[in-house]
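Report on the following structure.
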């Protein structure tokens, strides 16, 4: 195979985009040299300028769209090109689903070849106002001290000041704009990452699709609540509608972690309520819960429907359970559910939810899944929903040892899903199906439900 000399590749070239990478970048080739292009759509013909040339690939900026892809559209948000949130909004939604399926296929092909068939992506019921968890970093301008609240510009620490975001419920924009103005009025400083100074680091909002209530959490660079933050909290609670409560989270770490370990309720309630599968859940600022409740409902109904058709009154393992959302949703078709979650705040909340929903067949264990002990129980079905990094080998070994029929693996990361399924297949399992769901319209992210026979 001929070696490509990067120095022989011109700085400015014309290319046709072939497909999207797993990070939503367009992929093109020039004489076999791979080029990643932000803001590119498959089938675009582009004039580009290369930058950061490596031995076998480079990144590039678009200089001119010579011939746009038939799938390229005008973004519905004016901030799309500068905000780092909706990477694919310039692509027709039906095409987004097609390209997301191809991203999953590429992840599996590197491990399984063509042996695993990926189903078509099930679309989100809503493609605007779907995002019910908002995390806005807060900062201020260097000279005028104007407060900034928004998302980070792609690949930078620069905040894009956003006053209206169409992918989140409309009233959340009212809340953010109120906070931005009130912070300015009260003289509360925004956080500066350069020297780790300033008080207000982030504003988090959890929004209920069930009753439209909002939980606001102010993340501060302090170990105690300053008087101005108390005043801000009272103003949010008293002057805005649809506020269930206001909390403060203490985070003095010199890192990019959003939340610190301690949260304090200042006004109202520390949670919002959400409804899934006819069950009422409580969601706090620290609770893991899907950001798109409409697609979440589709996933839970899909899993519940599959189990109902294939297993009568099963014993179910709910691993990496969070607030035991899967376990609680499956409780009315299961004989027994064992729910395992390492975060104590989540298991404490799960116990409250179980009690209030009058559920008596879900047992909660506050333990790292990797350290879960054998309870002398065999599970008919194991449902696992790990974080993006996937499962540990110890967790998979536990699940393999004690699951009798099937494993249902829910994943937001095709790469770690493919890796973990490789381990399961090597240990005698068979992949029955991969069903993608679009949890995050207009982004490169995609949720998958894999059904594996043990």
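The values are calculated or read from the model by the stated rules, or taken from the named source; none is laboratory data. What you are looking at is a predicted structure, and each value in this text was computed from that prediction instead of being measured. Reconstructed Cβ throughout: ideal geometry from the backbone, glycine too, with neighbour counts over all protein chains shown.
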Which of the residues that make up the range 411-423 are surrounded by fewer than 22 Cβ atoms within 10 Å (Cβ to Cβ), within 16 Å of residue 383 (Cα to Cα) and in contact with a helix residue (DSSP H, G or I) (Cβ under 8 Å, 6 or more places away or on another chain)? none
Quick one: is residue 183 at pLDDT 95 or above, touching a helix residue (DSSP H, G or I) at 6+ places or on another chain (Cβ under 6 Å) and surrounded by 21 or more Cβ atoms within 10 Å (Cβ to Cβ)? no
What residue, of 103, 134, is in a strand (DSSP E or B), surrounded by 16 or more Cβ atoms within 10 Å (Cβ to Cβ) and within 23 Å of the chain's Cα centre (by Cα)? 134
Restricting attention to the range 321-333, which residues are surrounded by fewer than 22 Cβ atoms within 10 Å (Cβ to Cβ) and modelled with pLDDT of 95 or more? 333
What pairs come up if the first residue lies in the range 364-377 and is closer than 14 Å to residue 316 by Cβ, the second is loosely packed, with under 14 Cβ neighbours inside 10 Å, and their beta carbons are under 7 Å apart, counting only those six or more places apart or on different chains? none
All but one of (1) surrounded by 14 or more Cβ atoms within 10 Å (Cβ to Cβ); (2) in a loop (DSSP other than H, G, I, E, B); (3) in contact with a strand residue (DSSP E or B) (Cβ under 9 Å, 6 or more places away or on another chain) hold for residue 150; state the number of the condition that does not hold. (2)
How about the range 40-70: which of its residues are touching a strand residue (DSSP E or B) at 6+ places or on another chain (Cβ under 9 Å), part of a loop (DSSP other than H, G, I, E, B) and modelled with pLDDT of 95 or more? 40, 41, 42, 43, 44, 68, 69
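Determine whether the range 431-445 contains at least one residue that is over 22 Å from the mean Cα position of the chain (by Cα), without any contact (Cβ under 8 Å) to a residue 40 or more places away in the chain and surrounded by 22 or more Cβ atoms within 10 Å (Cβ to Cβ).
From the range 431-445, those over 22 Å from the mean Cα position of the chain (by Cα) are 431-433; that's our starting set.
Next, from what is left, pick out any that are without any contact (Cβ under 8 Å) to a residue 40 or more places away in the chain: 432.
Right, trim to surrounded by 22 or more Cβ atoms within 10 Å (Cβ to Cβ) and you get none.
Among the residues of the range 431-445, not one is over 22 Å from the mean Cα position of the chain (by Cα), without any contact (Cβ under 8 Å) to a residue 40 or more places away in the chain and surrounded by 22 or more Cβ atoms within 10 Å (Cβ to Cβ), which makes the answer no.
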Single condition residue 71 does not satisfy, out of (1) touching a residue at least 24 places away in the same chain (Cβ under 8 Å); (2) closer than 22 Å to residue 152 by Cα; (3) more than 21 Å from the chain's Cα centre (by Cα); (4) surrounded by fewer than 21 Cβ atoms within 10 Å (Cβ to Cβ): (2)
